1. Can you go through Val142, Val95 and tell me which one is under 30 Å from Leu52 (Cβ atoms) and not hydroxyl-bearing (Ser, Thr, Tyr)?
2. Here are Val171, Val166, Val176, Val151: which of them is open to solvent by less than 10 Å² (accessible area, probe 1.4 Å) and over 21 Å from Thr53 (Cα atoms)?
3. Out of the residues in region 157-180 meeting the condition of being out of contact with any helix residue (DSSP H, G or I) (no Cβ under 7 Å at 6 or more places or on another chain) and without any contact (Cβ under 8 Å) to a residue 12 or more places away in the chain, tell me which one is farthest from Val89 (Cα to Cα).
4. Pick from region 62-121 the residues that are modelled with pLDDT under 85 and assigned to a loop (DSSP other than H, G, I, E, B): which of them is surrounded by the most Cβ atoms within 10 Å (Cβ to Cβ)?
5. Taking region 187-205 as the region of interest, how many residues are in contact with a Gly (Cβ under 6 Å, 6 or more places away or on another chain) and either of a type in the set (A, V, I, L, M) or surrounded by fewer than 16 Cβ atoms within 10 Å (Cβ to Cβ) (or both)?
6. Among the residues in region 128-144, are any modelled with pLDDT of 90 or more and over 15 Å from the mean Cα position of the chain (by Cα)?
7. Looking at (1) under 20 Å from the mean Cα position of the chain (by Cα); (2) at negative phi; (3) not basic (Lys, Arg), which one does Thr113 not meet, given that it meets all the others?
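The values are calculated or read from the model by the stated rules, or taken from the named source; none is laboratory data. Remember, it's a predicted structure, so these values are computed and weren't measured experimentally. Backbone-built Cβ (ideal geometry, glycine too); neighbour counts: all protein chains shown. Heads up: the accessible areas ignore ligands, DNA and RNA and are worked out on the full protein's heavy atoms, side chains in. Shrake-Rupley method; radii C 1.70, N 1.55, O 1.52, S 1.80 Å.
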Amino acid sequence: MSTDHPDRDVNAEDQPITEISKADEPETVKPEAVKSKDGDLAVAPVAKPRRLTMLIAIAAVILLSDILTKVWAVAAVKPGQPIEIIGDVVTFTMVRNPGAAFSMATSMTWILTLVAIGVVIGVIKIGRTLRSPWWALGLGLVLGGALGNLVDRFFRSPGIMRGHVVDFVSVGWWPVFNIADSAIVCGAILLVVLTLFGFEPNGERLRDHKADDKKLTESKAAAEGETK
């Protein structure tokens, strides 16, 4: 008489434990193989998530912080009466700036406003396809800073697109600035560094492309050598 259970899989005993456990594991999504321009099979890179939401969130934080601090500065800091934070090295000093960041180009208010609008449009356009978190950070800082100063250009005296920006942070010999100015400068520096090191807005790196091209060339050369 057979002692085997009628419902038991008779082949289970012959299967290695590792194979049985693997059968229960969920399947992982693998990159699909696609054909390159030369007709060879290549692995398609997995697309990284877009970073537009991250960019907008960073810009919103900078914009809100800039507006609130300027409202406080206008109410608390009197012109000609700086508030000392660290002696006379770091102070809150009220300055109405018709120019660009750090009081530059004070006679070009209209042009600066149009440039800022162009920067905002350009950043939003790039952000729609952005996949690099570092580029999202840099562009978010620039966008938030540009919007912060644009608010002053449109809603402060002497008029629309000619409004003077509120600057109130004074550090040593450095020109008086605000949160928007510092965000624009920090964001611009970050974007320059990313560009110099080959990091692209789509999350890839130029160095990786060159390495992949080199490997592809070497593999083709090796394949051609074997066929000869």
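1. Values: Val95 fails: under 30 Å from Leu52 (Cβ atoms).
Criteria check complete, one pass: Val142.
2. Selected residue: Val166, the only one of Val171, Val166, Val176, Val151 that is open to solvent by less than 10 Å² (accessible area, probe 1.4 Å) and over 21 Å from Thr53 (Cα atoms).
3. Looking at the filtered set, the residue picked out is Gly159.
4. The extreme case among them is Ala100.
5. Qualifying residue count, region 187-205: 3.
6. no
7. Thr113 satisfies every listed condition except (1).
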